[in-house]
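Reviewing the structure listed below.
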Amino acid sequence: AQSVTQPDIHITVSEGASLELRCNYSYGATPYLFWYVQSPGQGLQLLLKYFSGDTLVQGIKGFEAEFKRSQSSFNLRKPSVHWSDAAEYFCAVGGFGNEKLTFGTGTRLTIIP
Amino acid sequence: GAVVSQHPSWVICKSGTSVKIECRSLDFQATTMFWYRQFPKQSLMLMATSNEGSKATYEQGVEKDKFLINHASLTLSTLTVTSAHPEDSSFYICSARGLHLDRGVNSPLHFGNGTRLTVT
């Protein structure tokens, strides 16, 4: 069975500070990994995804994530957060030929001035 | 970019009534649509997968007679919550996958903005 763990329920960072959101996955085959962002009362927007190749992937809004197979992790990073980054972030895992995604429980990001 | 429109964005209904939620792909053909339910401060739980022209596949524990899904065309899927009860109050989100040569999770998935259902 596939699963995603996001150990941090809520993170608060100062505007301009760096950010790292943790994601660990469990998947029986080669995983496809995703990070989505959700603003309050909204749907989900894809930030970035990893299928294969370079383990450091770049996404929109200045986000990046690094796939580490040995640690079963796919942590999301941003060098300098902006107040507009405050939102809920979800990590998800799927696989080739598997149309369903399994989402983590999310990490709520709060930005303080 | 690809857009998925979900309507209504919020609805309040009385217990015992039925509510229909629409999910439309506006500028692409959606061969597969997914319906999720999200409780406050929780993740998205997949309810069912629907493919155009065929019956939806429901996840374990989801009552197919209560959550009726219809995917009659390549641009529209509907979720009907029948005989709604207060415990059905939730945020429902649809997503759609476009028609691509390579099926599966590596083809883009586009989300609607969700529907807030409140049953009184």
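No lab work stands behind these numbers, since they all come straight from the coordinates. Source: prediction; values computed, not measured. Note: ideal-geometry Cβ built from the backbone for every residue, glycine included; neighbour counts use all protein chains shown.
Suppose the Debye formula is applied to equal point scatterers at every Cα of the protein assembly as shown; what is log10 I(q)/I(0) at q = 0.09, 0.10, 0.16 Å⁻¹? Those come out to -0.37, -0.46, -1.15, one per q.
Taking all pairs of different Cα atoms in chain A, averaging 1/r and flipping that mean, what Kirkwood radius in angstroms comes out? Numbers along the way, then the final one.
Numbers: mean 1/r = 0.0710 Å⁻¹.
It works out to 14.1 Å.
Taking chain B, the Cys residues with no second Cys beta-carbon under 4.7 angstrom are B:Cys13. Each eigenvalue of the Cα gyration tensor of segment B:1-72, multiplied by 5 and square-rooted, gives one semi-axis; in descending order these are 20, 16, 14 Å. For chain B, lysine pairs separated by 8 or more sequence positions, or belonging to different chains, with Cα-Cα distances below 20 Å total 6. Inter-chain neighbour count for A:37-46: the average number of beta-carbon atoms from partner chains within 10 Å of each residue's beta-carbon is 5. What the phi angles of segment A:11-21 give under the Karplus curve with 6.51, -1.76 and 1.60, with θ = phi - 60°, is a coupling list of 10, 10, 9, 7, 4, x, 7, 7, 9, 9, 10 Hz, glycine and proline written as x. Which lysines does A:Lys61 reach when only Cα atoms under 16 Å apart count, and residues fewer than 8 places away in its own chain are ignored? Cα-Cα hits under 16 Å: A:Lys49, A:Lys78. Fewest-first ordering of A:Phe103, A:Phe34 by other beta carbons within 10 Å of each residue's beta carbon gives A:Phe103, A:Phe34. Sorting the segments B:86-95, A:84-93 by their mean number of nearby beta carbons within 10 angstrom, highest to lowest, gives A:84-93, B:86-95.
Couplings for segment B:15-26, taken from phi via the Karplus curve 6.51 cos²θ - 1.76 cosθ + 1.60 with θ = phi - 60°, read 4, x, 8, 10, 10, 10, 10, 9, 10, 10, 8, 7 Hz in order; Gly and Pro are left as x.
Every pair of different Cα atoms in chain B enters the Kirkwood calculation, which places the hydrodynamic radius at 14.3 Å. Shielding value for B:39-48 is 4, the average number of Cβ atoms from other chains within 10 Å of each residue's Cβ.
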